[in-house]
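Chemist: One structure follows; several queries about it will come next.
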Amino acid sequence: MSQQRINKTFARLGRRTALIPYIAAGDPNPAATVPLMHGLVRAGADIIELGVPFSDPMADGPVIQQATARAIAQGVGLRDVLDMVAVFRKMDQSTPVVLMGYANSIEAMGQQQFAAQAGKSGVDGILIVDCPPEEYDDFAGDLRAQGISPIFLLSPTSTEARIQAVAKRAEGYLYYVSLKGTLDHRPLTSARCTNGSQASRNMYPFRLASVSAFAMQPVLYRLPKPPTQSLSVVA
């Protein structure tokens with residue numbers, strides 16, 4: 001049922017914007033995660049992104065790094081995160097949950113074992129920050145067999161060729177990063193686009209026509225906010 005939850009959510013929303021908040025699993029403590037997830041749903045979350053703690057979160061800024069460090073210090077790992085999703089599913093069978101994390105955690109567990117356990121727990125999608133789509137194909141097959149959507153990243157520096165290649169492989173939604181580098185709240189202006197492509201210049205700040213032209217999926221846009229806030233929307 002997993003992929004169906006994401007598709008049903010966007011079908012229900014129609015042209016309305018989806019709210020997709022992120023929290024780091026296990027922070028401030030493991031017992032708080034599931035109640036926080038339910039609280040997000042009550043507050044209006046359409047989909048929940050759940051961060052998997054990892055010791056070297058190279059794509060994340062200091063706020064998420066500190067959150068995952070606190071979770072790791074309390075012994076939270078990938079298996080614990082899957083258990084949290086399973087507990088959440090006991091009371092909520094409709095809100096999609098997308099895991100966001102790094103390849104090493106999944107490699108340590110084993111791709112097939114992870115896919116099977118994630119499907120059993122009720123995970124709907126997975127975004128592996130440091131795994132390009134070209135290296136994802138075999139694993140993506142394991143995920144799809146469990147009804148889990150592989151979700152991929154695009155950025156303001158993505159060329160049109162890259163957008164097309166990623167859009168062909170992605171399911172659920174596409175994740176458009178509005179920042180250059182880590183999530184350190186520095187929006188990428190057109191002057192800071194390094195490849196000089198028209199596609200790059202056209203995508204800041206909210207002009208996502210270059211992505212939407214090739215994507216069959218909704219496009220998630222992470223809004224740059226102060227360190228005390230984090231917000232994602234889907235257009």
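The values are calculated or read from the model by the stated rules, or taken from the named source; none is laboratory data. All of these numbers come straight from a predicted model, not from anything done at the bench. Neighbour counts are summed over all protein chains in view; Cβ atoms, including those assigned to glycine, are modelled from backbone coordinates with ideal geometry.
Chemist: Name every residue in the range 15-30 that is within 15 Å of residue 53 (Cβ to Cβ) and either over 15 Å from the mean Cα position of the chain (by Cα) or among the hydroxyl-bearing types (Ser, Thr, Tyr) (or both), in order of residue number.
Modeler: Residues satisfying the conditions are 22, 26, 27, 28, 29, 30.
Chemist: Just one of (1) free of Cβ contacts under 8 Å to residues at least 40 places away in the same chain; (2) out of contact with any Ser or Thr (no Cβ under 9 Å at 6 or more places or on another chain); (3) under 25 Å from residue 172 (Cβ atoms) trips up residue 66, so point out which.
Modeler: Checking residue 66 against (1) free of Cβ contacts under 8 Å to residues at least 40 places away in the same chain; (2) out of contact with any Ser or Thr (no Cβ under 9 Å at 6 or more places or on another chain); (3) under 25 Å from residue 172 (Cβ atoms), the one that fails is (3).
Chemist: Something else about it: Is it true that residue 157 is of a type in the set (S, T, N, Q), touching a residue at least 12 places away in the same chain (Cβ under 8 Å) and in contact with a Ser or Thr (Cβ under 6 Å, 6 or more places away or on another chain)? Before the answer, list the steps.
Modeler: Numbers: of a type in the set (S, T, N, Q): yes; touching a residue at least 12 places away in the same chain (Cβ under 8 Å): yes; in contact with a Ser or Thr (Cβ under 6 Å, 6 or more places away or on another chain): yes.
Yes.
Chemist: Is it the case that the range 101-109 has a residue that's closer than 25 Å to residue 211 by Cα and in a loop (DSSP other than H, G, I, E, B)?
Modeler: Checked the range 101-109: at least one residue is closer than 25 Å to residue 211 by Cα and in a loop (DSSP other than H, G, I, E, B).
Chemist: Cβ contacts < 9 Å: first residue closer than 10 Å to residue 169 by Cβ and among the hydrophobic types (A, V, I, L, M, F, W, C), restricted to the range 132-149; second residue modelled with pLDDT under 90 and not in a loop (DSSP other than H, G, I, E, B), any location; separation 6+ or different chain. Result?
Modeler: Going by the 9 Å Cβ cut-off, the qualifying pairs are 140/133; 140/169.
Chemist: Can you confirm whether the range 34-41 contains a residue that is on the phi > 0 side of the Ramachandran plot and either in contact with a strand residue (DSSP E or B) (Cβ under 6 Å, 6 or more places away or on another chain) or not aliphatic (A, V, I, L, M) (or both)?
Modeler: Within the range 34-41 (the criterion being on the phi > 0 side of the Ramachandran plot and either in contact with a strand residue (DSSP E or B) (Cβ under 6 Å, 6 or more places away or on another chain) or not aliphatic (A, V, I, L, M) (or both)), the answer is no, since none of the residues qualifies.
Chemist: Here is a list of conditions, (1) over 20 Å from residue 104 (Cα atoms); (2) hydrophobic (A, V, I, L, M, F, W, C); (3) out of contact with any helix residue (DSSP H, G or I) (no Cβ under 6 Å at 6 or more places or on another chain), and residue 37 meets all of them except one; can you say which number that is?
Modeler: (3)
Chemist: Hey, another quick one. Would a scan of the range 198-218 turn up a residue that is at pLDDT 80 or above, within 23 Å of residue 18 (Cα to Cα) and polar (S, T, N, Q)?
Modeler: Yes: one or more hits.
Chemist: Within the range 8-62, which residues are modelled with pLDDT under 95, of a type in the set (A, V, I, L, M), surrounded by fewer than 20 Cβ atoms within 10 Å (Cβ to Cβ) and part of a loop (DSSP other than H, G, I, E, B)?
Modeler: Passing the criteria: 58, 59.
Chemist: For the range 86-99, what are the residues that are under 15 Å from the mean Cα position of the chain (by Cα) and either surrounded by 22 or more Cβ atoms within 10 Å (Cβ to Cβ) or without any contact (Cβ under 8 Å) to a residue 12 or more places away in the chain (or both)? Please lay out each step first, then the result.
Modeler: Looking only at the range 86-99, we keep the residues that are under 15 Å from the mean Cα position of the chain (by Cα), and these are 95-99.
96, 97, 98, 99 - these are the residues of the range 86-99 that are under 15 Å from the mean Cα position of the chain (by Cα) and either surrounded by 22 or more Cβ atoms within 10 Å (Cβ to Cβ) or without any contact (Cβ under 8 Å) to a residue 12 or more places away in the chain (or both).
Chemist: Just to be sure before I move on: is residue 71 surrounded by 21 or more Cβ atoms within 10 Å (Cβ to Cβ) and small (Gly, Ala, Ser) in the structure I sent? It would help to see each step written out before you state the result.
Modeler: Working: surrounded by 21 or more Cβ atoms within 10 Å (Cβ to Cβ): yes; small (Gly, Ala, Ser): yes.
Here the answer is yes, as residue 71 does meet what is asked.
Chemist: Based on what the data block shows, is residue 1 surrounded by fewer than 16 Cβ atoms within 10 Å (Cβ to Cβ) and at pLDDT below 95?
Modeler: The answer is yes for residue 1.
Chemist: Now for a different question. Taking the residues in the range 126-153 that are out of contact with any helix residue (DSSP H, G or I) (no Cβ under 6 Å at 6 or more places or on another chain) and over 12 Å from residue 111 (Cβ atoms) as candidates, determine which candidate is surrounded by the most Cβ atoms within 10 Å (Cβ to Cβ).
Modeler: 151
Chemist: State which residue pairs qualify: first residue over 15 Å from residue 147 (Cα atoms) and inside the range 101-124, second residue among the charged types (D, E, K, R) and assigned to a helix (DSSP H, G or I) in any location, beta carbons under 9 Å apart, and separation of 6 or more residues or different chains.
Modeler: 103/135; 109/79
Chemist: Another one. Can you name the condition, by its number, that residue 84 falls short on among (1) in contact with a helix residue (DSSP H, G or I) (Cβ under 6 Å, 6 or more places away or on another chain); (2) not in a helix (DSSP H, G or I)?
Modeler: (2)
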